[in-house]
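Report on the structure given below.
Readers should treat all values here as calculations from the given coordinates under stated rules, not as data from a laboratory. Keep in mind the model is a prediction, meaning the values are calculated, not measured. Glycine gets a Cβ as well: all are built from the backbone with ideal geometry, and neighbour counts include every protein chain shown.
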Amino acid sequence: MPTKNAHHYLEVPRQEPVKKRHDLRIQSFGEIYTQYENNMAVSQANRCLGCGVPYCKWQCPVTNHIPEWLKLLSEGNVIAAAELSNQTNSLPEICGRICPQDRLCEGACTLHDGFGAVTIGSIEQFISEEAFRQGWRPTVNVPPTGKRVAVVGAGPAGLACADILVRNGVHPVVYDQQPEIGGLLTFGIPPFKLEKEVVLRRRAMLEEMGVTFILNHRVGKDTSLGQLIEAYDAVFLGLGTYAMRRGNFPGEALPGVHQALPYLVSNIRHHMGWMPDGQEWVQFKDQDVVVLGGGDTAMDCVRTAIRQGASSVTCIYRRDEANMPGSRREVANAKEEGVQFIWNAQPEAILGGTAVTGVRVVSTEMGQPDAKGRRTPQVVPGSEQTIPADAVVLAFGFQPNPAPWFTQYGIDTDETGRVLAPAESQFPYQTTNPAVFAGGDMVRGSDLVVTAVYEGRQAAEGILQYLQAGISQPAAYGNLSGESSPCIR
Ligand SMILES: Cc1cc2nc3c(=O)[nH]c(=O)nc-3n(C[C@H](O)[C@H](O)[C@H](O)COP(=O)(O)OP(=O)(O)OC[C@H]3O[C@@H](n4cnc5c(N)ncnc54)[C@H](O)[C@@H]3O)c2cc1C
């Protein structure tokens, strides 16, 4: 083990795990970062100053005990580090891979300005991976309470909720309409950021702990929420946000124009051999591709198109690079992989007839900051130009899509469609139906894996308090058949 001295952070520079060469990595869909060797992980963990005021921890949505697990690892105790890491985060091996650490823990690290932040994300990933490799698994150490909770949605929010419930002796039964767990982790985020085997391994661990999954099962169709409320002691909803924003300009319906999420999902299904009968793989080999948008979803689309063998891939965004929402790391990766960026260009129309031929854009310049502090783009008159394209992907983000059955069961939303489930209430994340809790993107709006994990965990705490209070369940709202569904376990 390397010995630590007070100047270790000066002598050992920040060093990320080796990234695969860009010309090689674009030939496959595998993750692009390799994992640390043990000595490197220990040496990098040793760079932590233990500065006494753990800004990294406070900037982490789940308040990970970062300095403590860095210290445990640097002392050679990877199993204790993994135990501690899994105490505050239900998916640390996943957050280590895909959290925007530059905006969270690493951005807050005392060494960030001047010396290079401790590589917290890569070390978080290493700790879990190494502990798993050595055979460590999270365990449940409490007797069953006999209580059962239905969790609807197997995305990060639902998985985190199930994790806390099962660790407290409550049996979670998780329903999802998809054939596999993970939500956007599985059916959204491309494998070059998160290989799906990582999610499947977490599924096996949760099942081992006592979580039941009922997949290919849509609540609202195969089972009603009312049936779940009757059959279980409480219900958690973590349904995500899936209404795609539109650009509202001509040409969006032309053949050759694709929405980002179906495009990404089609590629993942193809890659994993999960393509349903009758559905076609959307792929852009030898095509000129234009992706509209500047967030993480846009970055995932451009990098997927590059790997599919597109002739050219261009990302068009209406603000400048400094004001784009996408992670800096992913923009840098996209540039290395050959993506062209046109900043300060606003799409006006997608052109073509029986097929797309291009995108007409107008230049913008950055105006005054809006209420959120982001500078608004101002159109420069007379600056129109056409960017040629064979295929266009729209990546403008997502809006809440409240289910039509929410009102039937007394679940209120705000004016934008987000479910009302306040953190600050007697039972955190309880909706306006007392037996129903909610969290993740459907409550907060599209955000991050780690914030969905946080809300799922907090909602589980709310459910545990609610169950402990022994409040009898209100009758479910609306007309119920009274029959229990064959899938209610
Ligand atoms: C392309 C893309 C890339 C992203 N990249 C990152 C990233 O790099 N880092 C990051 O931190 N975040 C990223 N995000 C955001 C992150 O994935 C989400 O914030 C997070 O997954 C939200 O978790 P959730 O559990 O609230 O919802 P989801 O992950 O959306 O899961 C909701 C689940 O509910 C299920 N469901 C919905 N309705 C029903 C129903 N009626 N019956 C049964 N099941 C139902 C869905 O099938 C789904 O499995 C990305 C998002 C996208 C779209």
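Here are a few things to note about the model shown:
- A simple spin-label model places the labels of Thr386 and Glu280 2.5 nm from each other, with each point 7 Å out along Cα-to-Cβ.
- Relative intensity, log₁₀ I(q)/I(0), of segment 148-296 from a Debye sum that treats every alpha carbon as a point, q = 0.09, 0.12 Å⁻¹: -0.36, -0.60
- Note: relative contact order over the chain, using C-alpha pairs below 8 Å and six or more positions apart, is 15 percent.
- For Ala349, the amide hydrogen comes within under 5 Å of the amide hydrogens of Arg360, counting only partners 5 or more places away or on other chains and with H modelled in the peptide plane.
- Value of relative contact order over segment 245-396, rounded to a whole percent, pairs C-alpha under 8 Å and six or more apart: 30
- Three-way shape label, segment 8-133, alpha-carbon gyration tensor, a/c 1.5: rounded
- The Rg/Rh ratio of segment 94-153, with Rg taken over Cα atoms and Rh as the Kirkwood radius over Cα pairs, comes to 1.19.
- 12 Å cut-off, amide nitrogen to a point 7 angstrom out along Gln399 Cα→Cβ, residues in segment 247-271: 247-248
- Tensor-based shape of the chain (alpha-carbon gyration tensor, a/c under 1.5 rounded, otherwise prolate or oblate): oblate
- Using the Cβ of Val152 as centre and a radius below 10 Å, the other residues enclosed give a net charge of 0, where K and R count +1 and D and E count -1.
- Note on segment 252-411: Kirkwood hydrodynamic radius from all Cα pairs is 16.9 Å, rounded to one decimal.
- In the chain, a dipole from Cβ-located charges (positive for Lys and Arg, negative for Asp and Glu) runs towards its positive end, and of Leu91, Ile181, Leu239 it is Leu91 whose Cα lies farthest in that direction.
- Extension reserve of the Gln468-Glu37 stretch, reckoned as 0.36 nm per residue once the Cα distance is removed: 150.6 nm
- Karplus (6.51, -1.76, 1.60) ³J(HN,Hα), θ = phi - 60°, over segment 341-346, in Hz, Gly and Pro reported as x: 10, 10, 8, 6, 9, 10
- Near Ile387, once Lys and Arg are set to +1 and Asp and Glu to -1 for all other residues with Cβ below 12 Å from its Cβ, the sum equals -3.
- Each peptide in 113-123, 452-462 receives the mean, over its residues, of other Cβ atoms within 10 Å, and ordering these scores from highest gives 452-462, 113-123.
- Charge dipole of the chain about the Cα centre (unit charges at C-beta), most positive-ward option of His65, Ala389, Pro190: His65
- In the chain, helices alone account for a calculated mean residue ellipticity at 222 nm of -9000 deg cm²/dmol, with every DSSP H run of four or more residues adding -39,500 (n - 2.57).
- Alpha carbon centroid spacing (whole Å) that separates segment 278-303 from segment 110-138: 31
- Label point distance in nm, Asn248-Ala332, each placed 7 Å from Cα along Cα→Cβ: 3.7
- Burial order of peptide ranges 356-367, 78-89 (average beta-carbon count within 10 Å, highest first): 78-89, 356-367
- Relative contact order [Cα under 8 Å, 6+ residues apart], segment 8-133, whole percent: 30
- Note on the chain: Lys pairs 8 or more places apart or on different chains, Cα atoms under 14 Å apart, count 4.
- Near Ser312, once Lys and Arg are set to +1 and Asp and Glu to -1 for all other residues with Cβ below 11 Å from its Cβ, the sum equals -3.
- Per-residue packing, averaged as other Cβ atoms within 10 Å, sorts the ranges 241-254, 332-345 into the order 332-345, 241-254, beginning with the highest.
- Net length available on complete extension from Thr376 to Ala322 is 18.2 nm, with 0.36 nm assigned per residue and the Cα-Cα distance removed.
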